[in-house]
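J.: This structure is in structure tokens; I'll ask about it shortly.
The values are calculated or read from the model by the stated rules, or taken from the named source; none is laboratory data. Nothing here was measured: the structure is a model prediction, and the numbers come from that model. All Cβ positions, even for glycine, are placed from backbone atoms using ideal geometry, and neighbour counts span all protein chains on display.
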Amino acid sequence: MKKPFYFLALSSIILGSIFTSCGPSKDLIASRANADKLQEENRSTMNQLNDCQLNVKNLNAEKTTLKNENAMIENDLKVLSANSKMTIAEQASRLKNLNNLIKTQNDVMAKLMKSIVDALMNYTTEELSVYIKDGNVYVSLQEKLLFKSGSDAIDPKGKEALKTLANVIKNTKDINVVIEGHTDNVAIKTKEYEDNWDLSTARATSIVRLLTNDYGFDSNRITASGKGQFHPVKTNDTAEGRAANRRIEVILSPDLKELFSLMYL
């Protein structure tokens, strides 16, 4: 009886050993997992290395571009320096002359404004206004002083105001004049005028003709311009605002030829 028992025990041990050797051990599984992790880390490291190499390449390209640009700037500065014949003293003198010229022009415009205000003092602020803006003198004349609604024919009272203005400005040297016509936003379409652009331009042109043909202002120093409804000074939502927008602006500007000649000497 003992012999068969020993045979069975021995068989069980052998079979268990066989089945155990057929499956992967825990150490083998752990080794494979570690190998997979190392491979993934290696791929990530390689990708980072490639990105770094690309960044280095881009930085080198930018460095080359900046170097070329700096070389061009330095060359331009050398050319400018070589071409400039002005000493520091000469530059300081030109700057002083520029400042003196600007001050003189500002004084001229301030004096011109005072002369215009004094000449037109009999007119109300509802008819016209005089002010300085951006170094220019503006004379803003309301429609009711100059024109009937929808017309470019100048009323007698408006002609008198323009004649007074012309007597002041035509004796002022070195100024240019722009006559700007403005309307409200109420549409107009008649046989004479296609729209507000047309009306505003026609009114400006009528005043230019009056100032040059009748009152002797120099035609070479004056320009007519129609602005239509697009530069309001007040809202067009009220009757008062629309009335303020229907206007002629006479813009008196200093002649800048001498100033430019000093700036670009």
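J.: Go through the range 165-194 and report how many residues are closer than 14 Å to Thr223 by Cβ and at pLDDT 95 or above.
T.: So the answer is 5.
J.: Continuing with the same structure: Out of (1) within 26 Å of Arg242 (Cβ to Cβ); (2) part of a helix (DSSP H, G or I), the odd one out for Leu95 is which?
T.: With respect to (1) within 26 Å of Arg242 (Cβ to Cβ); (2) part of a helix (DSSP H, G or I), Leu95 is out only on (1).
J.: Can you tell me which of (1) part of a helix (DSSP H, G or I); (2) at pLDDT below 95 is the one Trp197 doesn't meet?
T.: (2)
J.: Of the residues in the range 197-255, how many are touching a helix residue (DSSP H, G or I) at 6+ places or on another chain (Cβ under 8 Å) and either on the phi > 0 side of the Ramachandran plot or of a type in the set (Ser, Thr, Tyr) (or both)?
T.: Of the residues in the range 197-255, 8 are touching a helix residue (DSSP H, G or I) at 6+ places or on another chain (Cβ under 8 Å) and either on the phi > 0 side of the Ramachandran plot or of a type in the set (Ser, Thr, Tyr) (or both).
J.: Quick check, is Val186 touching a residue at least 12 places away in the same chain (Cβ under 8 Å) and either in a strand (DSSP E or B) or surrounded by 15 or more Cβ atoms within 10 Å (Cβ to Cβ) (or both)?
T.: No; evaluated as a whole, the condition is false for this residue.
J.: Residues Ala82, Ala71: which one is loosely packed, with under 10 Cβ neighbours inside 10 Å and either assigned to a helix (DSSP H, G or I) or at pLDDT 70 or above (or both)?
T.: Values: Ala71 fails: loosely packed, with under 10 Cβ neighbours inside 10 Å.
Answer to the check: Ala82.
J.: Restricting attention to the range 117-152, report how many residues are crowded, with 16+ Cβ neighbours inside 10 Å, in a helix (DSSP H, G or I) and free of Cβ contacts under 8 Å to residues at least 60 places away in the same chain.
T.: Residues that pass the stated criteria total 2.
J.: Let me ask another. Just need a number here: residues in the range 124-140 that are within 17 Å of Ser253 (Cβ to Cβ) and among the β-branched types (Val, Ile, Thr).
T.: Counting residues in the range 124-140 that are within 17 Å of Ser253 (Cβ to Cβ) and among the β-branched types (Val, Ile, Thr) gives 4.
J.: Among the residues of the range 105-123 satisfying the criterion of being over 17 Å from Val250 (Cα atoms) and out of contact with any strand residue (DSSP E or B) (no Cβ under 9 Å at 6 or more places or on another chain), which is modelled with the lowest pLDDT?
T.: The extreme case among them is Asp107.
J.: Could you say whether any residue in the range 215-226 is over 29 Å from the mean Cα position of the chain (by Cα), at pLDDT 95 or above and closer than 21 Å to Gln142 by Cβ?
T.: Yes, the range 215-226 contains a residue that is over 29 Å from the mean Cα position of the chain (by Cα), at pLDDT 95 or above and closer than 21 Å to Gln142 by Cβ.
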